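J.: The structure under discussion is supplied below as structure tokens; questions concerning it will follow.
The values are calculated or read from the model by the stated rules, or taken from the named source; none is laboratory data. This is a predicted model, so every value here is computed, not measured. Virtual Cβ from ideal backbone geometry, glycine too; neighbours counted across all protein chains shown.
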Amino acid sequence: MADPKPRQRKFAPRSRTGCLTCRARRKRCDNAQPQCANCARLNLKCEWQAPRKVVAESYSSPSRSRSPEFQVAGPVSSSLDAWDVLPGDHGSERMHLLQYYVEAFVPSVQVAPIASSFYTSLYMPWSFQIEGMLDAILAISSAQLARRSQDADRAEHLRAVSLRHERKCYDFIKERLSPSGGLPKDTYQVTAVILILVGLEALNGVKTTRWISQLKSVQRILGALSPEQSIMDCVEVDSLHRHFTYHFASASLMARVSNAGSTCSAEQGLMMTSAAPMPGTIDPLMGISYQLCDLISRIQYVTASNPAFPLATEASFNVIEQGIQNWTYENPFTLGVDTRIALDLIALAEAYRLAALIQLYRTSPSCSLRIQSYASRTMEFIARIPPGSPAESSLLYPIFLAGAELDDETAIEQCFRRLEGIQKRNRYENVECVQKVLKEVWRPKLEGGQRRDWEEVVREWKWSFTLG
């Protein structure tokens, strides 16, 4: 009997002559104009020209643009006055919030003004196809706008709008769950909705472990995807992996102090595999630190010493430490951003590296003496990022870990002022959570005693919040 022929995978080459939509999604295009078969099937905008701004015209009236196009987002406006005027009817209000999402929300959370953000290039098209995605975008847009509104009645209305769409998101997820425990229907969109809800938890300053449970659900979904799915839908899977990894790094920090800690062993944590990152990419949330955040997310699996296998725990610690120390990032100067943004991304990456080592060394008494100097160096890199820089949107992780280790009163004052500025600009409630915890950490020190440990404070208050 002849040996069966080995199975050969079919790879779809990236289209070089097709529409821009297929080229961005790395799909084969049939070159049919004005709309190719792929775009017609998925109800996508079939573009045959240079990328433009997401909204065809600058905002003047919510009713002027009834069908926003998903193109490249421009910089956020310095004033939110235009967004303060809410349309009277439901349809116009929805369009108003979609425009706010593209023109104000997305730029406020991105670390650099990039054209390849999954927030606009992927999530926006999905919102025109799947009602649950639309609800997620409307929920987080209205929640952020409520915090930026100067009118109390408008803010209350927007919070009600956000809550209504948030509830619809949970209904959307429940309706698509598989009774057998398999992948949910509309797998990618369900995953994206859950990740946006995690961001909503950060925006609302939720202090429960629900966001950690949500991330565990995403982890199970991504882990159940077949290799074929990851290859054929590489852009979609890569984007979801990136969004998940950003939030999962925060979960690794809170796993030690929450009741929803990971049940995985150290070996399982180290063997976890992430989707291979797209080369030459600046991540909208992590900048050039994607692979480092993947390492950070694994720290939670090596923090608990196992008396039965002490050498295994030490080996796991060493693997993480060497990975963080030896990690190298792509040169941002070659990735299409200007010099100022590139320098900020480098400073952000180095601040993350040092903060990751602080997090890791807190698990080892033999390394605790290094933490103080690493905290000072982290704050030096943070100081290189000017207030108002896009990179500031992802500073919460390093500024929290470094700030909690400061003893110098001048450094404490500088850290406090920086957090105040971030809170005024971003209006995320989890920033206020960080401020409150650090104030309690510093309080005894400023009164002539010893500062408290942040984990002790969070446990005492029974808090769990994301640093995303």
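J.: Right, Arg427: touching a Phe, Trp or Tyr at 6+ places or on another chain (Cβ under 7 Å) and not acidic (Asp, Glu) or not? Before the answer, list the steps.
T.: Details: touching a Phe, Trp or Tyr at 6+ places or on another chain (Cβ under 7 Å): no; not acidic (Asp, Glu): yes.
Answer is no for this residue.
J.: Now for a separate question. So, of the residues in segment 355-398 that are free of Cβ contacts under 8 Å to residues at least 40 places away in the same chain and among the aromatic types (Phe, Trp, Tyr), which turns out to be farthest from Glu321 (Cα to Cα)?
T.: Here the residue is Phe381.
J.: Tell me, which residue of segment 273-326 that is in a loop (DSSP other than H, G, I, E, B) and under 18 Å from Arg256 (Cβ atoms) is modelled with the highest pLDDT?
T.: Here is the first cut: in segment 273-326, the ones in a loop (DSSP other than H, G, I, E, B) are 273-282, 284-286, 288-289, 298, 302-309.
Still in the running and under 18 Å from Arg256 (Cβ atoms): 298, 302-307.
Working: Arg298: 89, Val302: 74, Thr303: 56, Ala304: 53, Ser305: 53, Asn306: 55, Pro307: 55.
Among residues in segment 273-326 that are in a loop (DSSP other than H, G, I, E, B) and under 18 Å from Arg256 (Cβ atoms), the one modelled with the highest pLDDT is Arg298.
J.: Looking at segment 399-415, which of its residues are touching a residue at least 60 places away in the same chain (Cβ under 8 Å) and aliphatic (A, V, I, L, M)? Talk me through it step by step, then tell me what you get.
T.: Filtering segment 399-415 down to residues touching a residue at least 60 places away in the same chain (Cβ under 8 Å) leaves 400-401.
Passing the criteria: only Leu401.
J.: While we're here: Could you say whether any residue in segment 253-266 is at pLDDT 85 or above and buried (at least 17 other Cβ atoms within 10 Å of the Cβ)?
T.: Yes - at least one qualifying residue is present in segment 253-266.
J.: Within segment 436-468, can you find the residues that are within 30 Å of Ala104 (Cα to Cα), surrounded by 17 or more Cβ atoms within 10 Å (Cβ to Cβ) and without any contact (Cβ under 8 Å) to a residue 40 or more places away in the chain?
T.: Let us first name the residues in segment 436-468 that are within 30 Å of Ala104 (Cα to Cα), namely 436-438, 463-468.
Now restrict to residues that are surrounded by 17 or more Cβ atoms within 10 Å (Cβ to Cβ): 437-438, 463-468.
Hits for segment 436-468 are Val437, Leu438.
J.: If you don't mind, another one. Filter segment 211-241 down to residues that are assigned to a loop (DSSP other than H, G, I, E, B) and not aliphatic (A, V, I, L, M), then give me how many there are.
T.: If we filter segment 211-241 for residues that are assigned to a loop (DSSP other than H, G, I, E, B), which is where we start, we get 225-226, 233.
Checking the rest, the ones that are also not aliphatic (A, V, I, L, M) come to 226, 233.
Here the count works out to 2.
J.: Let me ask something else. Can you pull out every residue in segment 382-393 that is surrounded by fewer than 21 Cβ atoms within 10 Å (Cβ to Cβ) and touching a helix residue (DSSP H, G or I) at 6+ places or on another chain (Cβ under 6 Å)?
T.: Step one: list which residues in segment 382-393 are surrounded by fewer than 21 Cβ atoms within 10 Å (Cβ to Cβ), which gives 383-384, 386-389.
Result: Arg384, Pro387, Ser389.
J.: Now, a different point. Is it the case that segment 329-336 has a residue that's among the β-branched types (Val, Ile, Thr), in contact (Cβ under 8 Å) with a residue 24 or more places away in the chain and surrounded by 15 or more Cβ atoms within 10 Å (Cβ to Cβ)? Please lay out each step first, then the result.
T.: Within segment 329-336, the subset among the β-branched types (Val, Ile, Thr) is 334.
Pick out the ones that are also in contact (Cβ under 8 Å) with a residue 24 or more places away in the chain and you get 334.
Filter again for surrounded by 15 or more Cβ atoms within 10 Å (Cβ to Cβ), leaving none.
Looking for residues that are among the β-branched types (Val, Ile, Thr), in contact (Cβ under 8 Å) with a residue 24 or more places away in the chain and surrounded by 15 or more Cβ atoms within 10 Å (Cβ to Cβ), one finds none in segment 329-336, hence no.
J.: Something else now. Within segment 111-134, can you find the residues that are over 21 Å from Thr21 (Cβ atoms) and either among the small types (Gly, Ala, Ser) or buried (at least 23 other Cβ atoms within 10 Å of the Cβ) (or both)?
T.: Passing the criteria: Val111, Ala112, Gly132.
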